[in-house]
Amino acid sequence: MNATSKSNQAPGHINRALKATEIVAGLAQLEGWSLSGDGLELAIQKRFDFPDFHQSMAFANAVAYIAQRQDHHPELVVAYRHCTVRWRSHDAGGITRADFDCAAQVDALLR
């Protein structure tokens, strides 16, 4: 999935909660991402492993940059040798296209 500009989307495209089939299709396009939680806490999540805390923090800061640029903020858990990123859209009440777009941008950080 390619990150897309919000201005290029039809109104409501980014912020509409996706249907189950759309979520499954989106996950098939992203390596290592999975569903986490249920109900209003349902999110897409991935754990990224690093050799040390410094690299975990550098990655978390890069994710923060993406989040600020997209005005869409994940839940981050930063630990000594890993960082877990969790995307969901509170205001849409589910997982949206924005979550998948941001997940793809996070994956691109490590390519």
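The values are calculated or read from the model by the stated rules, or taken from the named source; none is laboratory data. Everything numeric in this text was worked out from a predicted model, so none of it was measured. We place every Cβ from the backbone using ideal geometry, glycine too, and count neighbours over all the protein chains shown.
When CYS83 is tested against the conditions (1) touching a Phe, Trp or Tyr at 6+ places or on another chain (Cβ under 6 Å); (2) in a helix (DSSP H, G or I), the lone failure is (2). Screening the stretch 14-71 for residues that are of a type in the set (A, V, I, L, M, F, W, C), over 13 Å from CYS102 (Cα atoms) and not in a helix (DSSP H, G or I) and picking the one that is farthest from the chain's Cα centre (by Cα) gives PHE50. ALA20 falls short on exactly one of the conditions (1) at pLDDT 95 or above; (2) closer than 15 Å to ALA104 by Cβ; (3) among the small types (Gly, Ala, Ser), and that condition is (2).
From ALA103, ALA67, ALA92, ALA79, grab the single residue that is more than 19 Å from LEU18 (Cα to Cα) and surrounded by 15 or more Cβ atoms within 10 Å (Cβ to Cβ). Before you say what the answer is, go through the steps one by one.
Values: ALA103 fails: more than 19 Å from LEU18 (Cα to Cα); ALA92 fails: more than 19 Å from LEU18 (Cα to Cα); ALA79 fails: surrounded by 15 or more Cβ atoms within 10 Å (Cβ to Cβ).
None of the others qualify; the one that does is ALA67.
Consider LEU110 against the criteria (1) in a helix (DSSP H, G or I); (2) modelled with pLDDT of 95 or more; (3) more than 13 Å from the chain's Cα centre (by Cα): it satisfies all of them except one. Which criterion is unmet? LEU110 satisfies every listed condition except (1).
Kindly check whether there is at least one residue in the stretch 50-58 that is touching a His at 6+ places or on another chain (Cβ under 7 Å), without any contact (Cβ under 8 Å) to a residue 60 or more places away in the chain, hydrophobic (A, V, I, L, M, F, W, C) and surrounded by 12 or more Cβ atoms within 10 Å (Cβ to Cβ). Talk me through it step by step, then tell me what you get.
In the first step, residues of the stretch 50-58 are kept if they are touching a His at 6+ places or on another chain (Cβ under 7 Å); the result is 50, 56.
With the extra rule that they be without any contact (Cβ under 8 Å) to a residue 60 or more places away in the chain, the set shrinks to 50, 56.
Within this subset, residues satisfying the condition of being hydrophobic (A, V, I, L, M, F, W, C) are 50.
Imposing the further condition that a residue be surrounded by 12 or more Cβ atoms within 10 Å (Cβ to Cβ) reduces the set to 50.
Yes, because at least one residue in the stretch 50-58 is touching a His at 6+ places or on another chain (Cβ under 7 Å), without any contact (Cβ under 8 Å) to a residue 60 or more places away in the chain, hydrophobic (A, V, I, L, M, F, W, C) and surrounded by 12 or more Cβ atoms within 10 Å (Cβ to Cβ).
ALA10 meets each of the listed conditions (1) loosely packed, with under 12 Cβ neighbours inside 10 Å; (2) modelled with pLDDT of 95 or more apart from (2).
Of the listed requirements (1) under 19 Å from ASP38 (Cβ atoms); (2) touching a helix residue (DSSP H, G or I) at 6+ places or on another chain (Cβ under 7 Å), HIS90 misses just one: (2).
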